[in-house]
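Here the structure is laid out as structure tokens; the discussion comes afterwards.
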Amino acid sequence: MAEDVLLMEEKNGVVQLTLNRPAVMNAFNFEMLRALAGAIETLRFRSDVRVVIITGAGEKAFCAGADLKERAGLSPVQVKEFIFTIRNLFTTIEDLNKPVIAAVNGIALGGGTELALACDIRLAAASASMGLTETRLAIIPGAGGTQRLPRLVGRGKAKELIFTGKRVSAEDALAIGLVNQVCAPEALLDACQAMAAEICETGPIAIAQAKYAINRGLETDLHTGLAIESNAYWLTIPTKDRLEGLAAFREKRKPVYKGE
Ligand code: COA
């Protein structure tokens with residue numbers, strides 16, 4: 001039987017999804033797109049899952065973007081279907097009601113960098129290299145790269161990276177704010193798990209609302225953003241978790257949040 005193109009492991013409320021096509025540097029074919037979409041859809045309704053980590057199998061690559069071997073055999077309509085599917089998938093990841101951490105364990109090109117951009121937080125191995133290299137193939141980033149990269153690193157740097165199609169090292173990615181942290185390759189997953197564990201100490205409804213307020217608020221003017229924040233805050237007020245937080249503070253103990 002063929003190996004699963006997506007591996008899923010879970011421990012202590014943290015799910016790790018591993019893109020598992022190492023022979024092609026974890027490039028996305030239709031099968032892997034559908035597998036990831038299915039997993040994300042399921043995780044949305046898993047209240048026991050607090051954080052998702054996405055990484056790539058093997059030591060060389062996080063994800064080398066679209067599977068260019070599959071692409072060569074696709075008709076123009078099928079290419080459109082691929083781009084439509086991958087763009088919507090990455091938006092679904094961005095909109096997931098829980099934090100998603102990209103563990104960029106190696107090469108992340110094209111759709112690989114676009115996947116990392118759709119995640120909330122990016123940690124990279126020192127050996128990683130990232131880039132939106134599509135223009136070198138006479139196409140453009142089609143899974144959100146032209147939109148998310150300038151929003152993250154500013155339009156000047158984004159244009160430089162997209163127009164040249166060049167790759168940046170993990171250290172350079174850190175310097176321009178493309179990644180949050182750089183780790184020794186062997187320490188990357190532990191660092192992601194440590195961050196996930198810290199997130200697990202917080203209130204689930206609070207995290208979902210904070211993510212919503214940040215994502216939606218950044219796309220609008222300040223006053224509308226503040227109104228979004230206000231509505232998001234109001235949703236936390238009637239929760240049992242909010243009262244638990246206050247009780248735990250009073251009783252000098254760790255709170256136990258249930259997402260209620
Ligand atoms: N699609 C399909 N196969 C890919 C791939 C992709 N995007 N990226 C790498 N592979 C395959 C290679 O064809 C090779 O398979 P082979 O041994 O059967 O020939 C294998 O992965 C290893 O890649 P290789 O090129 O030998 O390794 P490298 O270290 O010399 O270079 C890359 C790695 C990622 C820099 C290079 O493969 C590359 O440029 N890939 C294309 C990346 C890209 O442009 N992505 C954007 C797509 S829109």
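The values are calculated or read from the model by the stated rules, or taken from the named source; none is laboratory data. Remember, it's a predicted structure, so these values are computed and weren't measured experimentally. When we count neighbours, we look across all protein chains shown, and the Cβ atoms used for this are built from the backbone with ideal geometry, even at glycine. With ligands, DNA and RNA removed, areas are computed over all heavy atoms of the protein, side chains included. Shrake-Rupley method; radii C 1.70, N 1.55, O 1.52, S 1.80 Å.
A few notes on this one:
- Carbon and sulfur %, accessible surface of the chain computed with the full protein complex present, 1.4 Å: 58 percent
- Taking amide H atoms as placed 1.01 Å from N in the peptide plane, the amide H of residue 6 lies under 5 Å from those of 20, each 5 or more residues away in sequence or on another chain.
- Taking the centroid of alpha carbons for each part, segment 26-68 and segment 147-182 are 22 Å apart.
- Stretch gain in nm, segment residue 260-residue 9, where the contour uses 0.36 nm per residue and the Cα spacing is subtracted: 87.8 nm
- Rg [Å, one decimal], Dmax [Å, integer] - segment 115-165, C-alpha atoms: 11.0, 29
- Each 10 Å bin, from zero up to the one with the longest distance, holds this percent of the alpha carbon pairs of segment 128-237: 12, 29, 32, 23, 3, 0.
- Here segment 194-260 and segment 85-106 have alpha carbon centers that stand 20 Å from each other.
- 3J(HN,Hα) from dihedral phi, segment 75-87, Karplus parametrisation 6.51/-1.76/1.60, rounded to Hz, x for glycine, proline: 6, x, 5, 5, 4, 4, 5, 4, 5, 4, 5, 5, 5
- For segment 245-258, Karplus couplings with θ = phi - 60° (6.51, -1.76, 1.60), whole Hz, Gly/Pro x: x, 5, 5, 5, 5, 4, 8, 6, 9, 6, x, 10, 9, 10
- Local net charge near residue 246, Cβ-Cβ under 14 Å (Lys/Arg +1, Asp/Glu -1): +3
- Zone residues, segment 71-113, relative to residue 49, backbone N less than 14 Å from point 7 Å out along Cα-to-Cβ: 92-101
- Spatially proximal lysines relative to residue 69 (Cα-Cα < 19 Å; intrachain offsets below 8 disregarded): 60, 80
- Estimated inter-spin distance, residue 202 and residue 187, nm [label 7 Å along Cα→Cβ]: 2.3 nm
- Rounded to 5, percent antiparallel among DSSP beta bridges of segment 101-231: 15 percent
- Simple Cβ-charge dipole of the chain, Lys/Arg +1 and Asp/Glu -1, about Cα centre, in debye nearest 20: 420 debye
- Prolate/oblate/rounded call for segment 1-91, Cα gyration tensor, a/c under 1.5 rounded: oblate
- With Rh defined as the Kirkwood radius, the inverse of the mean 1/r over Cα pairs, the Rg/Rh of segment 204-251 is 1.10.
- Only the Cβ atoms of Lys and Arg (+1) and of Asp and Glu (-1) were treated as charged; on that basis the dipole of segment 204-251 about its Cα centre amounts to roughly 120 debye.
- The residues packed around residue 185, meaning those with a beta-carbon under 13 Å from its beta-carbon, carry a net charge of -2 if Lys and Arg are +1 and Asp and Glu are -1.
- Percent of beta bridges antiparallel (DSSP, the chain, rounded to nearest 5): 25 percent
- In this structure residue 31 has an accessible area near 110 Å², from a 1.4 Å probe over the protein heavy atoms.
- Shape parameters for the chain, alpha-carbon atoms, Rg then Dmax in Å: 18.9, 64
- Top of 208, 247, 39 by mean-square fluctuation, Gaussian network on the chain, Cα under 10 Å: 247
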